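S.K.: Below: one structure in structure tokens.
Derivation of every value follows stated rules applied to the coordinates shown; laboratory data play no part. This structure is a prediction, so every number in the text was calculated from the model and none was measured. When we count neighbours, we look across all protein chains shown, and the Cβ atoms used for this are built from the backbone with ideal geometry, even at glycine.
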Amino acid sequence: MFSAVSPAGKWLGFVTAVWVQSISGNNYTFSNYSAALKSLMALTQLQLNNLSVAKDVGKAFGLLAGLASDRLPTPLILLIGSIEGLVGYGFQWLVVSQRIRPLPYWQMCIFLCMGGNSTTWMNTAILVTCMRNFRKNRGPVSGILKGYVGLSTAIFTDLCSALFADDPSSFLLMLAIIPAVVCFTAVLFLRETPPTIGAAAEKEETEYFNVINVIAVVIAVYLLVYDFTGENSGVVSLVFAIGLLFLLAAPLGIPMYAFWQSWVAGKASANSIAAGDVERQIQEPLLVQQVVPEQEQEQKPEIATTTAPPSGEVVESETRKRKPVIGEDHTIIEAVGTPDFWILFVSFLCGVGTGLAVMNNMGQMGLALGYADVSIFVSLTSIWGFFGRIISGTVSEHFMRKAGTPRPLWNAVSQILMAVGYVVMAIGLPGSLYIGSSVVGLCYGIRVAITVPIASNLFGLKYYVATLTPSGATTCIGAHCYRLVFVIMAIACIVGFGLDVLLSIRTKNVYSKIQGTKNSGSKKSNKA
């Protein structure tokens, strides 16, 4: 029914990719159960922070998933990620639910590291495959997929709140089981397929992406409304959960519509043949054989290697010995040897590193400022992170096509805005955590979504990224607890801003060439 190489099969694979991204942001949910770990294991704040670092160290080993993406098929990469997440979060659930005694601290670090690393396998499999399948729409693809990652924290948080009253044990059980089930579904349908060719097909892709964008925005608003309604009855919560699942399933309408179109076209063709178009039946095979003689078939590979590839990509020649320039395919070693890689890397740390610090400690920050329930701040960070991811991908693609605007420039804007968010939280005025969590989430989303297509533009796609508590632990109360941290992170963002501006200047010629290639390709398609 849905062949992987058919339009319907291709879009069904993308929909399952969206579902995987909707549950692969579990690495950002630490604040939802960190208090339970801290109380149960009698941890100090420093020990709790080290656990969150162990989780993030797992993401640092994402290089393994990147290397494997060149050698292993997508289904196997997804399976590795899902099994690792099942083990990592499964043991955390056993501890928090008190089904087993608390494990030694070093063992908990290992399981948190496994949970963090599991998402890198999922994200790598999804991003690499989808960006290869939709080469003409890298920005929108990255924005949509990363946008759903941003929503995943809010999806998990609000579902747990609606169904299990924010129980940390139930939350961890969801993190262990749901990603594994969704990944097993994606294994069946997500495959690498030939990219779209032709102006009509590219226009259709854009329309489908717009539909998925609209659905994603509806989901984000739906979650936002639920967060601000406060306490809800069991019936309202159940209705909310059912509505959310329906919205997540809504993108299935696209492959179903694509299948219906293919079925109608095939039926029309069959009716034409059955109507007795004998001349067409006889001539079509003869014409095909005459148009493609044996000599032309032998020359095709030679012609293909001399044709300029789209979107600034360069076809690798086996005999090429020169080092690749920015805009061509780089191996990891070749990319690491360029100054542009390190500029991008350090600026990424300034934005994403500080953002992760806020997300990991949002629970403790909320308690320090007097909030008993911090789940709303976790959801706000997630939802505004979604808006940052999904808007930045589309906007950056538009301005790159129109004016050749370097994508790193958008990272620079997000760095300055993030610094402002940290200053607001450092002041500690009433409501500052609402504003700060929203701003940080928005800018974090922009940073994560933009960096992926930047890397593909510059280095190619081929090589793929104190008060004493009853438990004995200590908790700081007051705005002063994190003021110095916020100031330092604001300074780091300013440094990142300077690096992003520098990278924009250095890569301006690359984006000008990409713009020219895209425009010339569009003109040729329109003439055809």
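S.K.: Quick one: Cα centre-to-centre distance for region 9-79 and region 174-238, in angstrom?
M.R.: If we compute the Cα centre of each part, the gap is 18 Å.
S.K.: Can you give the FRET efficiency to the nearest 0.05 for ARG99 and VAL181, using r as the Cβ-Cβ distance and R₀ = 25 Å?
M.R.: Computed FRET efficiency for ARG99 and VAL181 comes out at 0.75.
S.K.: Two decimals is fine: what is log10 I(q)/I(0) at q = 0.13, 0.18, 0.20 Å⁻¹ for region 98-170, from a Debye sum with one equal scatterer on every Cα and no solvent?
M.R.: Each listed q corresponds, in turn, to -0.62, -0.91, -0.98.
S.K.: Continuing with this model, one more query. By per-residue mean of other Cβ atoms within 10 Å, what is the highest-first order of 94-105, 120-131? Write out the running numbers ahead of the final one.
M.R.: Details: 94-105: 14.0, 120-131: 25.8.
Result, highest mean first: 120-131, 94-105.
S.K.: Sticking with this structure for a sec: Want the number for ALA165 to ALA200: 0.36 nm per residue separation, take away the alpha-carbon distance, what's left?
M.R.: 7.7 nm
S.K.: Then there is this: Using 7 Å Cα-to-Cβ label points, what is the ALA265/LEU238 separation (nm, one decimal)?
M.R.: 4.5 nm
S.K.: How far is it, in nm, from the label point at LEU63 to the one at LEU349 when both lie 7 Å from their Cα along the line to the Cβ?
M.R.: With each label point 7 Å from Cα toward Cβ, the separation is 1.3 nm.
S.K.: Residue-wise, which Karplus ³J(HN,Hα) couplings in Hz belong to region 106-123, taking 6.51 cos²θ - 1.76 cosθ + 1.60, θ = phi - 60°, and x for glycine or proline?
M.R.: 3J(HN,Hα) across region 106-123, in whole Hz: 5, 5, 4, 4, 5, 5, 5, 5, 5, x, x, 6, 4, 5, 5, 5, 4, 5.
S.K.: Next question, about the same structure. For region 164-179, what does the Karplus curve 6.51 cos²θ - 1.76 cosθ + 1.60, with θ = phi - 60°, yield as ³J(HN,Hα) per residue in whole Hz, taken in order and with x for Gly and Pro?
M.R.: Calculated HN-Hα couplings, in order: 10, 6, 6, 6, x, 5, 5, 4, 5, 5, 4, 5, 7, 8, 4, x Hz.
S.K.: Then there's this: How long are the semi-axes of the equivalent ellipsoid of region 126-222, taking √(5λ) for every eigenvalue λ of the Cα gyration tensor, in whole Å from largest down?
M.R.: Working: eigenvalues 194, 54, 17 Å².
Equivalent ellipsoid semi-axes, largest first: 31, 17, 9 Å.
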